[in-house]
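Asks: Here it is, the structure in full.
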Ligand SMILES: [Ca+2]
Ligand SMILES: [Ca+2]
Ligand SMILES: [Ca+2]
Ligand SMILES: [Ca+2]
């Protein structure tokens, strides 16, 4: 193939990608995630100890576990990068995620092992959490079966793992009636979050994130059908965890879904309080 036509082909393939991601067959399965009610509001201080046993968590996620999920798409939706100074894949990124709710708030937490903190973004925009170390919870509330791309009811609560806590570090991408992809910081009165770096004393890029997001000023703005939460309500949820580690875009995990199409997000059922797992004495 001549160089010029090869380049033309590359450009064609490149420009076709966004359309392809919308047209791609979506998985025929959805996960169900039973998210418990918290009876005692946690203190947002970067330590999850007081509520992690009462929250939804399904254990450690790393690239090996993701490889065996039905939504896995190697190199595209789920990937890590090697810039020549990265550890083994399991040391590159692994995390436990926590989520719970009460009458007013969603509680979001993560305990993360990362080999490098990277929030430098050469093409920085306030909305570009996806090219910095960040964790983002995609929530549709209430869930419906219509596939939408950040339309009415779709929200992303994104936390950039930056010790300087810039204004854009708690970001809200969302839809609204007849509007899509609205981009703004989470309203200050609707969010509180804490970061605790190197919590286990053996990795400076390791961290704990603890956050509270008020639902009425966020979910309630995105969809007028949203009502104060009740046991049995169904939301949609996906987690996107970005890990550039020195590259422009870099690695990311997508968990419970395949991207911005909210019809692929897991079914998040609001349930009552959960007792901690009891261990037997023998
Ligand atoms: Ca706490
Ligand atoms: Ca990493
Ligand atoms: Ca939808
Ligand atoms: Ca990182």
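Asks: For segment 239-273 and segment 134-154, what is the separation of their C-alpha centers, rounded to whole Å?
Replies: Distance between centres, Cα-based: 11 Å.
Asks: So, one more: Comparing 95, 55, 141, which has the greatest mean-square fluctuation in the GNM of the chain with Cα pairs linked when under 10 Å apart?
Replies: Between 95, 55, 141, it is 95 that shows the largest mean-square fluctuation.
Asks: Still on this model: Once you have a ≥ b ≥ c as the square roots of the Cα gyration tensor eigenvalues for segment 44-115, tell me rounded if a/c is under 1.5, and otherwise prolate or oblate according to whether a/b is larger than b/c.
Replies: Prolate, since a/c reaches 1.5 and a/b exceeds b/c.
Asks: Sticking with this structure for a sec: Taking 0.36 nm per residue of sequence separation and subtracting the Cα-Cα distance, how much length would be gained by fully extending the chain between residue 249 and residue 45, in nm to one decimal?
Replies: Values: separation 204, 0.36 × 204 = 73.44 nm, distance 2.94 nm.
The span from residue 249 to residue 45 would gain 70.5 nm if fully extended.
Asks: Can you give the percent of C-alpha pairs in segment 173-230 whose distance is more than 16 Å?
Replies: Within segment 173-230, distances greater than 16 Å cover 59 percent of Cα pairs.
Asks: Which whole-number percentage describes the relative contact order of the chain, with Cα contacts under 8 Å and a sequence gap of 6 or more? Write down the numbers at each step before the final one.
Replies: On the way: 639 pairs, mean separation 71.4, N = 282.
So the answer I get is 25 percent.
Asks: For the chain, set up a Gaussian network in which alpha carbons nearer than 10 Å are linked by springs, and say which option among 267, 113, 26 fluctuates the most.
Replies: 26
Asks: First measure r as the distance between the Cβ atoms of residue 271 and residue 189, then evaluate 1/(1 + (r/R0)^6) with R0 = 30 Å and state the FRET efficiency to the nearest 0.05. Please report the intermediate quantities before stating the final value.
Replies: Values: r = 28 Å, r/R0 = 0.93.
Efficiency, rounded to the nearest 0.05: 0.60.
Asks: Once you have the Cα-Cα distance between residue 70 and residue 200, take 0.36 nm times their residue separation minus that, and quote the gain in nm to one decimal.
Replies: Computed gain between residue 70 and residue 200 is 43.6 nm.
Asks: What residue among 260, 144, 58 shows peak mean-square fluctuation when the chain is described by a Gaussian network model with Cα springs under 10 Å?
Replies: Taking springs between Cα atoms under 10 Å, the residue moving most is 58.
Asks: Name the shape class, rounded, prolate or oblate, that the alpha-carbon gyration tensor gives for segment 31-271, where a ≥ b ≥ c are the square roots of its eigenvalues, rounded holds for a/c under 1.5, and otherwise prolate holds if a/b is larger than b/c and oblate otherwise.
Replies: It comes out rounded by the Cα gyration axes.
Asks: In deg cm²/dmol and to the nearest 500, what is the mean residue ellipticity at 222 nm of the chain if only DSSP H runs of at least 4 residues count, each as -39500 (n - 2.57), divided by the residue total? Display every interim value, and only then the final one.
Replies: Numbers: 4 runs with 33 residues, N = 282.
Result for the chain: -3000 deg cm²/dmol, rounded to the nearest 500.
Asks: With the Cα gyration tensor of segment 87-183 giving a ≥ b ≥ c as the square roots of its eigenvalues, does the rule (a/c under 1.5 for rounded; else a/b larger than b/c for prolate; else oblate) give rounded, prolate or oblate?
Replies: Cα axes put segment 87-183 in the prolate bin.
Asks: Rounded to whole Å, give me the distance from the Cα center of segment 162-236 to that of segment 37-89.
Replies: Centre-to-centre (Cα) distance: 16 Å.
Asks: Counting other C-beta atoms within 10 Å, which of 60, 240 has the fewest, and how do the rest follow?
Replies: 60, 240
Asks: Can you give me the P(r) profile for segment 237-282? Cα pairs, bins 5 angstrom wide beginning at 0, each as a whole percent.
Replies: 5, 17, 13, 13, 14, 12, 10, 9, 5, 2, 0
Asks: Any idea what diffusion coefficient segment 154-195 gets from Stokes-Einstein, in µm²/s, Kirkwood Rh on alpha carbon pairs, 25 °C, 0.890 mPa s?
Replies: 225
Values in this text are rule-based calculations from the coordinates and carry no lab data. These numbers come from a predicted model, not from an experiment. Cβ atoms come from the backbone with ideal geometry, glycine included; neighbour counts cover every protein chain shown.
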